[in-house]
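Values in this text are rule-based calculations from the coordinates and carry no lab data. Quick caveat: nothing in here was measured; it's all calculated off a predicted structure. In this analysis, Cβ positions are derived from the backbone assuming ideal geometry, glycine residues included, and neighbour counts consider all displayed protein chains.
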Amino acid sequence: METTSAFRMTVRPDNVAVITIDVPGEKMNTLQAAFGEQVRAILRELKSRSGLEGVVFISGKPDNFIAGADINMIAACQRADEAEALARQGQQIMNDIAGLGIPVVAAIHGPCLGGGLELALACHRRICSDDGKTALGLPEVQLGLLPGSGGTQRLPRLIGLSRALEMILTGKHIRPRQALKMGLVDDVVPVSILADAAAALAKKGKPSRSLPLAERIMAGPLARSLLFSVVSRKTEQKTRGNYPATARIIEVVKTGISQGSGNGYAAEARAFGELAMSPQSAALRGIFFASTELKKDPGSDAPPLPVQSVGILGGGLMGGGIAAVTALKAGLPVRIKDINSAGINHALRYSWDLLSRKVQRRHINAAQRAREMALISGATDYRGFARRDVVIEAVFEDLALKQQMVDEVEQFAAPHTLFASNTSSLPIGEIAARARRPEQVIGLHYFSPVDKMPLVEVIPHTGTSAETISTIVRLAKSQGKTPIVVGDSAGFYVNRILAPYVNEALRCLVEGEPIEHIDDALLDFGFPVGPIQLLDEVGIDVGTKIIPILEQAYGPRFTAPTAVAAILNDDRKGRKNNRGFYLYPAKGRKSKKRPDEAIYSLLGVAPKAHLSGEQIARRCVMMMLNEAVRCLDEGVVRSVRDGDIGAVFGIGFPPFRGGPFRYLDVLGAREAVAELQQLAARYGERFAPCERLLAMAQSGEHFWPPAPQPVAAKPAQ
């Protein structure tokens with residue numbers, strides 16, 4: 001049976017050929033290995049036609065150009081040379097497009113990422129829509145890879161070395177106006193005229209380009225050498241050697257610049273193949289697949305209820321953040337209730353500031369800001385709440401207060417209104433204990449700052465209905481969040497595995513390990529911030545508040561060092577009152593934060609590094625891993641997928657390690673148990689391996705199904 005091609009050609013009356021990209025049966029266009037022959041067939045047809053004045057590549061999808069290459073192609077590779085061959089095939093197709101004798105234009109609307117941008121770079125010109133959905137980027141580094149179809153060679157020659165390195169090393173998305181300014185596209189137009197504008201651009205012929213003066217200067221040998229040196233140093237400082245793709249990107253770009261594009265393409269394909277077989281890329285791709293799968297998880301089998309408007313109780317930092325993602329991401333009308341107008345104004349300011357930053361960056365204009373702000377209103381009473389389908393409570397962590405909120409919502413909102421509590425520690429069953437409609441009460445735990453942190457925990461209690469679960473899961477997704485459904489127990493999942501990790505860091509501090517030595521140890525392991533700095537960021541008072549709740553629920557392994565009380569009694573709340581474990585520069589000053597030596601006096605210790613960074617990291621991380629396995633065993637998380645995503649998206653567990661369960665598979669259950677037993681012998685019973693780990697050490701079981709093992713490339717004949 002003949003396969004429908006993803007590429008079809010028509011010729012306009014003005015003799016411009018239009019190649020429409022439309023992958024059959026898919027919402028998003030992605031490039032697949034099987035498309036190679038389809039593209040070659042189209043190119044042969046183009047060459048056979050006489051009189052053509054140009055070619056336009058455009059998407060047949062309503063809201064995306066090409067979202068990238070299908071990474072299942074890489075998952076199917078078992079050897080580096082197989083992945084390298086994929087890259088070489090991609091390079092050849094792009095070279096064939098670039099080598100066409102007539103002008104070729106990419107007409108871009110929606111995401112144009114990875115292989116999609118590499119195809120656009122192979123075209124002679126690019127034009128994009130001014131739509132908010134349009135974004136251009138090379139995000140391969142986020143999968144532990146580099147662009148493998150010529151992107152590392154074409155992009156520097158188009159926009160200059162420094163800008164190209166920044167784009168490829170960060171994987172960041174470029175908006176239309178920014179793309180125009182940097183020379184990535186030739187024009188930005190409304191989507192309604194994109195096709196005609198692209199055809200007109202094609203008829204102008206191939207461009208003659210010159211880089212901006214600053215980039216031309218940067219292309220000189222001395223400036224270029226200095227740039228590579230600075231970028232390499234800064235990248236190493238940021239990644240701490242944990243992400244090999246960044247070093248290979250710099251190396252490959254440098255090869256192309258200094259030794260010519262032919263050598264550059266060869267180096268790019270070779271590096272792509274080797275990186276595809278790296279454990280870091282395997283882990284990062286595992287996270288990608290897991291999060292993609294999670295997006296399709298409805299939370300329960302019941303169909304979700306319609307949500308057309310949302311109420312928020314509390315105008316503090318969390319309430320303001322929840323209101324912002326509900327209005328600005330989900331596009332839903334929001335009504336905020338607070339006890340005074342100052343709280344409402346505070347919540348409104350949160351959204352205003354987010355939108356104003358978008359205005360400054362020219363992502364939106366002032367009129368759009370006004371329209372989005374109009375979705376948010378507030379009051380000091382329950383006026384308007386009768387029309388709210390969901391009410392999200394974000395008041396203080398006080399059980400009686402939250403029970404009162406349930407009671408008031410049941411009085412003043414509609415009978416169908418769902419009540420979601422943004423609690424980080426209080427059992428949802430207790431919050432719902434006095435409810436008249438307990439089946440409509442659920443937990444919805446956001447992480448701060450709400451507009452940036454991707455995870456939410458959805459926490460049903462035993463009486464929560466399936467419809468309530470699926471409705472809240474869908475609402476969270478519309479807010480741009482990744483929701484995981486977790487069990488209603490103390491600390492839920494994320495805080496429960498975080499607490500013993502932070503506690504162990506504090507024990508190291510009480511033993512005399514310097515503050516920065518502890519934080520550096522966990523930064524080297526791959527966390528985005530160290531555990532001591534994390535306490536300063538979230539607030540020492542907030543960060544330690546959950547510890548007694550966990551200790552009461554699970555026993556002495558959650559007991560915090562007694563000396564920590566001295567820090568709290570010294571009115572140290574962290575960054576929010578500029579009194580924490582670190583000293584912070586006054587506003588407007590650029591000096592770096594540094595540890596506050598007074599902490600050591602409060603604790604009665606003389607700071608001196610006794611343990612290596614690896615020993616400190618092992619102590620903290622093994623406590624987290626052991627607790628994660630307990631959570632899985634108790635059903636607090638539904639699957640290893642949810643457990644890994646929760647840790648990576650919720651607390652920044654190093655993505656290149658794949659999450660707690662993938663990392664345990666790498667360590668091996670037997671090795672993990674042996675290490676925990678050694679730590680228990682030295683530091684106490686809190687390290688005792690849990691029963692499931694002990695059983696897995698005996699059976700050799702894995703948490704994840706074992707992946708096919710990569711095989712070294714065949715030697716050249």
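If you take all other residues with their beta carbon under 10 Å from the beta carbon of Met623, and give Lys and Arg +1 and Asp and Glu -1, the sum is +3.
Can you list the residues of the stretch 91-105 with backbone N under 16 Å from a point 7 Å past the Cα of Val11, pointing along Cα to Cβ? Those under the cut-off are 101-103.
Summing charges over neighbours of Pro333, with a neighbour being any other residue whose Cβ is under 10 Å away from its Cβ, gives +3 when K and R count +1 and D and E count -1. Amide H contacts for Phe57 (H built 1.01 Å from N in the peptide plane; partners 5 or more residues away or on another chain; cut-off under 5 Å): Ile19, Val105, Ala106, Ala107. To the nearest ten degrees, helix 261-276 and the longest principal axis of the Cα atoms of the chain are 30 degrees apart. Between helix 494-510 and the chain there is an angle of about 70 degrees, using the helix long axis and the longest principal axis of the Cα atoms. Taking amide H as placed 1.01 Å from N in the peptide plane, Leu455 has its amide H under 5 Å from the amide H of Thr482, each at least 5 places away in sequence or on another chain. Taken one residue at a time, the phi angles of the stretch 547-560 give Karplus couplings (6.51, -1.76, 1.60, θ = phi - 60°) of 4, x, 5, 5, 5, 5, 7, 10, x, x, 5, 9, 5, 7 Hz. Gly and Pro are set to x. With the charge dipole of the chain set up from +1 on Lys and Arg Cβ and -1 on Asp and Glu Cβ about the Cα centre, the Cα lying farthest toward the positive end among the listed residues Met73, Leu568, Ala609 is that of Met73. Between Ala680 and Glu634, the FRET efficiency estimated from the beta carbon spacing at R0 = 25 angstrom works out to 0.75. Peptides 234-240, 15-21, ordered by how many other C-beta atoms sit within 10 Å of their residues on average, highest first, read 15-21, 234-240. Were the residues from Arg371 through Ala85 laid out at 0.36 nm apart, the gain over their Cα-Cα distance would be 98.0 nm.
A protection proxy built from the mean count of other Cβ atoms within 10 Å ranks the segments 529-540, 550-561, 190-201, most packed first, as 529-540, 190-201, 550-561. The order of the peptides 475-486, 652-663, 425-436 by mean Cβ neighbours within 10 Å, most packed first, is 652-663, 475-486, 425-436. In order along the stretch 293-310, the phi-based Karplus estimate (6.51 cos²θ - 1.76 cosθ + 1.60, θ = phi - 60°) of 3J(HN,Hα) comes to 5, 5, 4, 8, 7, x, x, 7, 7, 7, x, x, 7, x, 10, 10, 7, 9 Hz; Gly and Pro are listed as x.
Take Ala98, project a point 7 Å from its Cα along the Cβ direction, then tell me which residues of the stretch 105-141 have their backbone nitrogen under 19 Å from it. The answer is 105-107, 113-127, 137-140. Between the residues Thr235, Gly343, Thr417, the greatest Cα displacement towards the positive end of the dipole of the chain, with unit charges on the Cβ of Lys, Arg, Asp and Glu, is found for Thr235. Straight-line reach from Lys608: taking Cα to Cα under 25 Å and skipping same-chain neighbours fewer than 8 places apart, the lysines in range are Lys573, Lys592, Lys593.
Net length available on complete extension from Ala400 to Val542 is 49.3 nm, with 0.36 nm assigned per residue and the Cα-Cα distance removed.
A cut-off under 10 angstrom between Cβ atoms defines the neighbours of Ser291, and their net charge, with Lys, Arg +1 and Asp, Glu -1, is 0. Between the beta carbons of Lys576 and Lys172, assuming R0 = 25 Å, the FRET efficiency works out to 0.30 to the nearest 0.05.
Karplus-based coupling profile of the stretch 240-248, in residue order and whole Hz: 6, x, 7, 10, x, 4, 5, 5, 5, with θ = phi - 60° in 6.51 cos²θ - 1.76 cosθ + 1.60 and x standing for Gly or Pro. In the chain, helices alone account for a calculated mean residue ellipticity at 222 nm of -15000 deg cm²/dmol, with every DSSP H run of four or more residues adding -39,500 (n - 2.57).
Rounded to the nearest 0.05, the FRET efficiency derived from the C-beta distance between Gln411 and Ala563 at R0 = 51 Å is 0.65.
In this structure the amide hydrogen of Gly443, modeled in the peptide plane, comes within under 5 Å of the amide hydrogens of Ser421, Ile459, His461, none closer than 5 places in sequence on its chain.
The label-point distance for Ala695 and Ala76, in a model that sets each label 7 Å from Cα toward Cβ, rounds to 3.8 nm.
In the set (1) 158; (2) 196; (3) 298, the label that goes with volume of the Cα convex hull per residue in Å³ computed for this structure is (2).
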